Amino acid sequence: VPELISTGDFEGRFLQINRAGGEILGYSEDEIIGQSFERFIHPDDLSICYNELKSLERGASTFDFEVRFITKKNNIIWLSWFCTPNFKEGLIYSTAKNITEEKELRELNRQVGEMAKIGSWEYDLINNTIYWSDEVHKIHGTDPKSYIPTLENALAFYKGDYVELVQSKLDAIINTDSEDKYEAIIVNTSNKEVWVQALGKPEFVDGKCVKLHGSLQDITEKKEAELRLKSLADNLPGVMFQFVLNTDGSNSFRMVSEGSKLIWGFAPEEVTRNSQLVWGQVALGGELEKVQNSIETAVKNDTDWTYQWVYVMPTGEKKVHRGYGSHNTLVDGTVICNSLILDVTAQAKSEELLDEVSSLAKIGS
């Protein structure tokens, strides 16, 4: 057996140990037998063992704990112990597993999660229980040692209308066997609003969803920056958006500002779902191919994009638009263009009138 197996007494002395146990600690059997665990355990973890031994006085039938041991070569290892006392014989039968790598990985994940403000959660539908990692508790402002999350009190943290959104997302994951994510606001125990992004994934057994696994991340700083940028974009006299040119030739709009209503005659969510709404109106202006070629040329030559064209509003009114953009190409070949389109109809008409007047008066400059 690759794990440590030992017999000890109620004084904490080793009476028997298997060969694997000696190899884990780096000592021979003779060097361990008769010695107290105090000789091998890390000084900072002695209190953990003392507390477990005291549980025997309360009649504990089993106990388990994780502590650090110091090997003969002075290396620190983590051992996970499971002990069963036999009061009649006055013995404690124990097994211990070396979990050093697991513990280090767990600590690394904890540190990464803390830096990224992301934690994990699990919802057991069979037993109706919920598990939150320490970081998820931190986001909610709850104590991992005393607070027991339930579906009801977990949903109660969400602000207003977000409760219905979260519930619908959970129902969709459970019923469709597909992962999903959402962004919402929770109000933690300090009465502070926190923007979170949650991801959920189902686990099915015999066609029935038995568990949900997921992550929860505090995205407050990121969301506040996005909202500030959106507020700025919505107050510009034009429409700001990201134009995505995919490798298969398709394209889409995302992060569209409210100016789309004035410039294009469509709401941001409409053009986000279907970019052809805009392209169709550009085509009515007769310059669709020229506009698209101008974008492709800017990407090909790696230059900023500027172009002017006629756009027909859904009402039939003709407008003159001027577009500006800068792009970057992702590793997979996808092109992202940060773009701004302005309505320059009045300026274009003024220039046209100036040309006509200059021609009639035979005046040049």
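The values are calculated or read from the model by the stated rules, or taken from the named source; none is laboratory data. Every value quoted in this text rests on a predicted model; they were computed, and no experiment measured them. Reconstructed Cβ throughout: ideal geometry from the backbone, glycine too, with neighbour counts over all protein chains shown. All accessible areas refer to the heavy atoms of the entire protein, side chains included, with ligands and DNA or RNA removed. Shrake-Rupley method; radii C 1.70, N 1.55, O 1.52, S 1.80 Å.
Data table
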| quantity | calculated |
| --- | --- |
| Residues within the stretch 155-179 that are assigned to a strand (DSSP E or B) and modelled with pLDDT under 90, tallied | 0 |
| Yes/no for Ile76 being without any contact (Cβ under 8 Å) to a residue 60 or more places away in the chain and either acidic (Asp, Glu) or surrounded by 13 or more Cβ atoms within 10 Å (Cβ to Cβ) (or both) | no |
| Where a residue in the stretch 1-17 is more than 19 Å from Ser55 (Cα to Cα) and at pLDDT below 95 and its partner, wherever it lies, is basic (Lys, Arg) and open to solvent by 20 Å² or more (accessible area, probe 1.4 Å), with Cβ under 6 Å and at least six apart | Glu3/Lys97 |
| Number of the condition not met by Tyr93 [criteria: (1) open to solvent by 90 Å² or more (accessible area, probe 1.4 Å); (2) closer than 27 Å to Ile186 by Cβ] | (2) |
| Out of Thr71, Thr62, Thr129, Thr84, sole residue that is surrounded by fewer than 16 Cβ atoms within 10 Å (Cβ to Cβ), among the hydroxyl-bearing types (Ser, Thr, Tyr) and within 35 Å of the chain's Cα centre (by Cα) | Thr129 |
| Boolean, Phe204 is touching a residue at least 24 places away in the same chain (Cβ under 8 Å) and either farther than 28 Å from Val312 by Cα or open to solvent by 20 Å² or more (accessible area, probe 1.4 Å) (or both) | yes |
| Restricting the stretch 271-282 to residues that are among the aliphatic types (A, V, I, L, M) and farther than 13 Å from His321 by Cα, the residue that is farthest from the chain's Cα centre (by Cα) | Leu277 |
| The lone exception for Gly265 - which of (1) open to solvent by less than 20 Å² (accessible area, probe 1.4 Å); (2) in contact with a Ser or Thr (Cβ under 9 Å, 6 or more places away or on another chain) it fails | (1) |
| Pairs with Cβ under 8 Å, 6+ apart, first in the stretch 133-148 and open to solvent by less than 20 Å² (accessible area, probe 1.4 Å), second part of a helix (DSSP H, G or I) | Ser133/Gly113 |
| In the stretch 193-239, the residues that are more than 19 Å from the chain's Cα centre (by Cα) and aromatic (Phe, Trp, Tyr) | Phe204 |
| Entirely in the stretch 1-91, the strands (runs of 3 or more DSSP E) that have 3 or more residues that are within 27 Å of Glu104 (Cβ to Cβ) and out of contact with any Pro (no Cβ under 9 Å at 6 or more places or on another chain) | 4-9, 63-70, 76-86 |
| Odd one out for Ile92, checked against (1) in contact with a Cys (Cβ under 7 Å, 6 or more places away or on another chain); (2) modelled with pLDDT under 90 | (2) |
| Selection count, the stretch 102-137, where residues are in contact with a helix residue (DSSP H, G or I) (Cβ under 8 Å, 6 or more places away or on another chain) and assigned to a helix (DSSP H, G or I) | 5 |
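Residue-wise test of (1) within 17 Å of Gln242 (Cβ to Cβ); (2) in contact with a Lys or Arg (Cβ under 6 Å, 6 or more places away or on another chain); (3) outside any helix (DSSP H, G or I).
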residue	(1), (2), (3)
Gly265	no, no, yes
Val278	yes, no, no
Val282	no, no, no
Val320	no, no, yes
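Okay, residues lined up against (1) open to solvent by less than 40 Å² (accessible area, probe 1.4 Å); (2) closer than 30 Å to Val112 by Cα:
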| position | (1), (2) |
| --- | --- |
| Ile219 | yes, yes |
| Ala225 | no, yes |
| Arg228 | no, yes |
| Met240 | no, no |
| Glu258 | no, no |
| Glu270 | no, no |
| Glu289 | no, no |
